[in-house]
1. Would you be able to tell me the number of residues in the stretch 318-351 that are modelled with pLDDT under 95 and among the small types (Gly, Ala, Ser)?
2. Which residue is surrounded by the most Cβ atoms within 10 Å (Cβ to Cβ), if the candidates are limited to the stretch 173-192 and must be hydrophobic (A, V, I, L, M, F, W, C) and farther than 14 Å from Ala137 by Cα?
3. Out of (1) in a helix (DSSP H, G or I); (2) under 22 Å from Leu130 (Cβ atoms), the odd one out for Ala354 is which?
4. So if I check each of Ala160, Ala195, Ala105, which one is surrounded by fewer than 22 Cβ atoms within 10 Å (Cβ to Cβ) and assigned to a loop (DSSP other than H, G, I, E, B)?
5. Give just the number: which of (1) outside any helix (DSSP H, G or I); (2) within 18 Å of Gly393 (Cα to Cα); (3) among the charged types (D, E, K, R) does Arg321 not satisfy?
6. Which of the following residues is at pLDDT 95 or above, crowded, with 24+ Cβ neighbours inside 10 Å and acidic (Asp, Glu): Asp208, Asp271?
7. Could you please give the count of residues in the stretch 369-408 that are under 22 Å from Asn98 (Cα atoms) and not acidic (Asp, Glu)?
8. Specify which of the listed residues (Arg291, Arg259) is of a type outside the set (S, T, N, Q), at pLDDT 95 or above and more than 20 Å from the chain's Cα centre (by Cα).
Amino acid sequence: MNRNRRRWLAAGLAGIAGFGAWQLRRFWPHDGVTNPCLGPLPPDLANHPLVRQAWAGLDPQRVWDTHVHFFTSADAGHVDGAPWPHWASQMQASIIANAACTDPAAADFVDAYLGRLLALLADMPPGYKLLLLALDAHHDERGQPVPALTHFSVANDACAAAARRAPQRFEWIASIHPYRPDALDELARVTALGARAIKWIPPALGIDPASPRCDAFYKALAASGMPLLTHTGQERATPGTDELGNPLRLRRALDRGVRVVAAHCATMGQDRDLDAGPDGPMVDSFALFERLMDEPRYEKLLVGDLAAIPQFGRTGAALKRIIERGASGGDWARRLLHGSDYPLPGLMPLYSPADLVNQGLLDPEAVAPLIAIRRHNPLLFDFVFKRSLRVDGKHLADEVFHTRDFFA
């Protein structure tokens, strides 16, 4: 990375991530500011008791990381006039490129990005896979793309092609805006191409999950059995209308038989309690997600993914509840899915094992090896981190990590 990009990166971390410097300062001494992008794990880390313990009881053939972002360029599809100023998008691109240890100026960015992922996967047992995410463009009410409101996009064909490069390590998830005139045709097409699910970020894409405009798409999605992976709660990585990420807006999909994966379990932000009417009070988004999870009619339809769950701003009471209910014998043990939100685990200030120790959710002895692992392999760090979380001796059940079963 050249000196100018490094200056932008250091200057922009707090603003782009949405955190104040005073908040970040408390764990910079442990985790650093930029990703050092070290090579393969040394033997002492690869065979560390914490790593061996993380894999104990799991069948790697059944462990898929269900939430891995894929980018086709360092600019992530930025167009002039997009919601963030060009300088901010450039800054974010530098930050993401560092998190992914990918040179933004690489002659073949896709090759470099996937090459880094495959290098990280070399530290994982055979059978462990990543689900690469496509992302459609923002569309208007007529179903027409709006480049000026598209922060970034990744075409389905590009994502499918990336997965084909290493089918022993990659699967993929398509993205289709439901307002598109060709939405149903595209659903049939990506199904034939092997897509495992459909990905939405409603605030960024301009999708209201509660709109009747989605009904035809929901009907086709339910008939196909393909799940919908959709962002819930506050969205900080892309601009948009946060109210569209309200978990309660997913009732329309659930009531039509769609299998829904609520990304992040709505662990950040607040949303309006629409069950109390259009002017209902603002409450924690996680409380609304938990309410949906507790409704018996959605027991076979609604699950949550754990992407970014240990991230600063998503921990506290919500994370404690997730661990308690997702532990072996808990009522969420079969309703949570492991996902990393890669490359965010490589964005150093966003995660702090020491902070989780202070919350009573992590053994202090785990901090040093976790930090060391992360400097080499953020994917493994995220996995081992989640496997190491504890609440009163309880930890996330093995079923949470056997995610392949959900997509079979």
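The values are calculated or read from the model by the stated rules, or taken from the named source; none is laboratory data. Since we're looking at a predicted model, the values are computed, not measured. Cβ sites come from the backbone with ideal geometry, for glycine too, and all protein chains shown count toward neighbours.
1. Total satisfying the criteria: 0.
2. So the residue we want is Ile173.
3. All conditions are met except number (2).
4. Every option except Ala105 fails the conditions.
5. (1)
6. Exactly one residue qualifies, and that residue is Asp271.
7. Total meeting the criteria: 16.
8. Working: Arg259 fails: more than 20 Å from the chain's Cα centre (by Cα).
Answer to the selection: Arg291.
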